[in-house]
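Written below as structure tokens is the structure these notes are about.
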Amino acid sequence: MKIIAVGWNYAEHNKELNRINIPEHPVIFMKPETALVRDNKPFYLPNFSNRIEYETEIILRISKMGKNISAKFADRYYDAIGLGIDFTARDLQNEFKAKGAPWEICKGFDNSAPISNFLPKEEVDINNLNFSLNINGEEVQRGNTKDMIFKVNDIIAYISQFFTLKTGDIIFTGTPVGVGPVKIGDHLEGYIEHNKMIDFSVC
Ligand code: MG
């Protein structure tokens, strides 16, 4: 399986990272399968970065193989949604961006993608879905999918021009405003509406 992620998909988050241009197309990157963490296992801070930041994101589970999917039919290609953390080594990312170099390492390192269990998509309104993250009991990030620059169906259509989507692939759909660093001992709890989806600690 593969993990495909969208960057820069919420305008208020783009402002906090000083990106002023609205992207013409979704910004896409990938994480390898070795990035996945499930079952609320702890996240071990890697030693190669001094600033690992959380990005809380709605994720989609692909349920059918597809290539060149049209946006109109894209909702036939995923069956469930969940919550994921797109952990990012922000210090390394800033170095790579300054050099114009690819940023895979800062996004795709081992365990950089903790994910929740999934909810059937029929149980939610994917285009108006609140999600949030608490750290140590305080809310640090809150978003609603209605604020996505590129909506879920457009993301699937765009990605599938380049990458054949296969059953079990996961798409991270971008993070809202409020990203920040984690430290050892932090306790992360993530919600979709009032459902607690993730609950793990940083070690
Ligand atoms: Mg992200």
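The values are calculated or read from the model by the stated rules, or taken from the named source; none is laboratory data. Please read all numbers here as calculations on a predicted model, not as lab measurements. With ideal geometry, Cβ positions are generated from the backbone for all residues, glycine too; neighbour counts draw on all protein chains shown. Accessible surface areas use protein heavy atoms only, side chains included; no ligands, DNA or RNA. Shrake-Rupley method; radii C 1.70, N 1.55, O 1.52, S 1.80 Å.
Structure notes:
- Residue selected from segment 150-165 under the condition within 15 Å of ASP79 (Cα to Cα) and not β-branched (Val, Ile, Thr), by the criterion least open to solvent (accessible area, probe 1.4 Å): LEU165
To keep it simple, each residue is scored yes or no on (1) modelled with pLDDT under 95; (2) within 16 Å of the ligand (Cβ to nearest atom).
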site: ALA101; (1), (2): yes, no
site: ALA113; (1), (2): no, yes
site: LEU119; (1), (2): no, no
site: ILE156; (1), (2): no, no
site: THR164; (1), (2): no, no
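- Among residues of segment 1-17, those that are away from the ligand (no atom under 13 Å from the Cβ), of a type in the set (D, E, K, R) and farther than 24 Å from PHE163 by Cβ, counted: 2
- Residue identified as surrounded by fewer than 18 Cβ atoms within 10 Å (Cβ to Cβ), in contact (Cβ under 8 Å) with a residue 12 or more places away in the chain, not hydroxyl-bearing (Ser, Thr, Tyr) and not in a helix (DSSP H, G or I) among GLY168, GLY190: GLY168
- Hey, ILE52 aliphatic (A, V, I, L, M), away from the ligand (no atom under 16 Å from the Cβ) and open to solvent by less than 60 Å² (accessible area, probe 1.4 Å) or not: no
- Only residues that are open to solvent by less than 10 Å² (accessible area, probe 1.4 Å) and either more than 22 Å from TYR10 (Cβ to Cβ) or touching a Pro at 6+ places or on another chain (Cβ under 9 Å) (or both) were counted in segment 133-142, giving 1.
- In this entry, VAL140 is excluded by the filter for residues that are modelled with pLDDT of 95 or more and under 15 Å from the mean Cα position of the chain (by Cα).
- Pairs are defined by a Cβ separation below 8 Å, a sequence spacing of at least 6 or placement on different chains, a first member in segment 81-104 that is at positive phi and buried (at least 19 other Cβ atoms within 10 Å of the Cβ), and a second member that is in a strand (DSSP E or B) and not basic (Lys, Arg); no pair meets this definition.
- Every pair of residues 6+ apart whose Cβ atoms lie under 8 Å, when the first sits in segment 126-145 and is at positive phi while the second is open to solvent by 50 Å² or more (accessible area, probe 1.4 Å): ASN136/HIS187; GLY137/HIS187
- For the criterion of being farther than 20 Å from CYS203 by Cβ, within 16 Å of the chain's Cα centre (by Cα), open to solvent by 30 Å² or more (accessible area, probe 1.4 Å) and not polar (S, T, N, Q), ARG76 fails.
- Residue in segment 117-127 that is within 27 Å of ILE22 (Cα to Cα), hydrophobic (A, V, I, L, M, F, W, C) and surrounded by fewer than 16 Cβ atoms within 10 Å (Cβ to Cβ) present: no
- Identity of the residue in segment 18-32, surrounded by 13 or more Cβ atoms within 10 Å (Cβ to Cβ) and without any contact (Cβ under 8 Å) to a residue 40 or more places away in the chain, that ends up nearest to the ligand (Cβ to nearest atom): VAL27
- Odd one out for ASN111 among (1) in contact (Cβ under 8 Å) with a residue 60 or more places away in the chain; (2) open to solvent by 30 Å² or more (accessible area, probe 1.4 Å); (3) over 15 Å from the mean Cα position of the chain (by Cα): (3)
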